[in-house]
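Student: Please find one structure pasted underneath; my questions will follow.
Where a number appears in this text, it was derived from the coordinates with a stated rule and is not lab data. Predicted, not measured: the structure shown is a model, and the values here were computed from it. Counting neighbours? That spans all protein chains shown, and the Cβs are built from the backbone with ideal geometry, glycine included.
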Amino acid sequence: MPACDYFHVDCTVTLKRIYVFYVLEIGSRRAHLLGATTNPDGAWTTQQARNLLMDLGDGITEFRPLLRDRAGQFTTSFDTVLADASIRVVKTPPRCPRANCFAERFVRTVRPELTDRLLIFGERHLRAALTKYIRHYNGRRPHRAHELPPPRPSHPVADLDSEQIKRRPVLGGLINEYERIA
């Protein structure tokens with residue numbers, strides 16, 4: 001069951017707030033970045049839902065149902081696009097912030113690991129940084145809920161008998177990935 005939500009990042013150059021729209025697959029903790037904009041209206045959100053459906057292709061069967069909050073950006077057209085793909089949309093109960101706890105936890109992971117450490121210069125810069133981070137999050141970052149393997153490992157399992165460790169910087173050294181050398 002996936003959950004979708006927004007979080008915001010403040011731009012240091014334009015002094016505008018940029019909203020990031022994402023979907024998180026709760027079972028695997030795999031994240032999908034849908035887009036970033038300074039004006040997340042209903043039409044933009046609906047278009048991002050269409051883009052998600054095209055990107056998923058056959059993987060759409062894993063997206064039933066979709067959990068979302070009651071924000072104004074999620075219009076009836078958003079729900080209709082998903083309903084046409086046989087995805088049932090479940091709204092969180094009113095005034096219940098813990099109902100979407102997995103999505104909130106993802107935001108609490110992205111903020112200290114990425115957005116709190118970078119000066120964001122605009123939407124394009126934010127999208128580029130988030131794309132790299134989500135690739136790291138899905139492919140290399142250990143997840144405690146899954147006994148430390150990432151959602152979709154992008155590397156082979158390391159030989160645990162080796163004593164040497166190799167460090168690979170991501171995002172210019174902001175994040176480091178470690179693996180044993182075979």
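Student: Could you check Arg95 against (1) assigned to a loop (DSSP other than H, G, I, E, B); (2) within 17 Å of the chain's Cα centre (by Cα) and say which number it fails?
Tutor: Condition not satisfied by Arg95: (2).
Student: Within segment 27-51, how many residues are more than 19 Å from Thr109 (Cα to Cα) and either touching a strand residue (DSSP E or B) at 6+ places or on another chain (Cβ under 6 Å) or not acidic (Asp, Glu) (or both)?
Tutor: Number satisfying all stated conditions: 14.
Student: Next up: So which of Asp55, Asp116 ends up being touching a residue at least 12 places away in the same chain (Cβ under 8 Å) and loosely packed, with under 12 Cβ neighbours inside 10 Å? Talk me through it step by step, then tell me what you get.
Tutor: Details: Asp116 fails: touching a residue at least 12 places away in the same chain (Cβ under 8 Å).
Checking each option against the conditions leaves just Asp55.
Student: Give the number of residues within segment 98-113 that are more than 23 Å from Ile134 (Cβ to Cβ) and either under 12 Å from the mean Cα position of the chain (by Cα) or buried (at least 16 other Cβ atoms within 10 Å of the Cβ) (or both).
Tutor: Here the count works out to 1.
Student: Can I ask one more? Scan segment 68-82 for residues that are assigned to a loop (DSSP other than H, G, I, E, B) and either surrounded by 20 or more Cβ atoms within 10 Å (Cβ to Cβ) or in contact (Cβ under 8 Å) with a residue 40 or more places away in the chain (or both) and jot them down.
Tutor: Once the filter is applied, which keeps residues that are assigned to a loop (DSSP other than H, G, I, E, B) and either surrounded by 20 or more Cβ atoms within 10 Å (Cβ to Cβ) or in contact (Cβ under 8 Å) with a residue 40 or more places away in the chain (or both), segment 68-82 yields Asp69, Ala71, Gln73, Phe74.
Student: If you don't mind, another one. Does segment 87-107 include one or more residues that are free of Cβ contacts under 8 Å to residues at least 60 places away in the same chain and of a type in the set (Phe, Trp, Tyr)?
Tutor: So far as segment 87-107 goes, no, none of its residues is free of Cβ contacts under 8 Å to residues at least 60 places away in the same chain and of a type in the set (Phe, Trp, Tyr).
Student: Since Thr61 meets every condition but one in (1) farther than 27 Å from Pro153 by Cα; (2) part of a helix (DSSP H, G or I); (3) polar (S, T, N, Q), which condition does it not meet?
Tutor: (1) is the only condition that Thr61 fails.
Student: Taking the conditions exactly as written (touching a strand residue (DSSP E or B) at 6+ places or on another chain (Cβ under 8 Å), buried (at least 20 other Cβ atoms within 10 Å of the Cβ) and either of a type outside the set (A, V, I, L, M, F, W, C) or closer than 21 Å to Ser154 by Cβ (or both)), does Leu24 satisfy them or not?
Tutor: Taking the combined requirement at face value, the residue satisfies it.
Student: Any chance you could count how many residues in segment 27-46 are hydroxyl-bearing (Ser, Thr, Tyr), in contact (Cβ under 8 Å) with a residue 40 or more places away in the chain and either buried (at least 21 other Cβ atoms within 10 Å of the Cβ) or in a loop (DSSP other than H, G, I, E, B) (or both)?
Tutor: Restricting attention to segment 27-46, the residues satisfying the condition of being hydroxyl-bearing (Ser, Thr, Tyr) are 28, 37-38, 45-46.
Okay, now just the ones that are also in contact (Cβ under 8 Å) with a residue 40 or more places away in the chain, so 28, 37-38.
With the extra rule that they be either buried (at least 21 other Cβ atoms within 10 Å of the Cβ) or in a loop (DSSP other than H, G, I, E, B) (or both), the set shrinks to 28, 38.
So the count comes out to 2.
Student: Now for a different question. Mind checking which residues of segment 123-133 are in contact with a Leu (Cβ under 9 Å, 6 or more places away or on another chain), buried (at least 19 other Cβ atoms within 10 Å of the Cβ) and in contact (Cβ under 8 Å) with a residue 60 or more places away in the chain?
Tutor: Those that are in contact with a Leu (Cβ under 9 Å, 6 or more places away or on another chain), buried (at least 19 other Cβ atoms within 10 Å of the Cβ) and in contact (Cβ under 8 Å) with a residue 60 or more places away in the chain: Leu126, Leu130.
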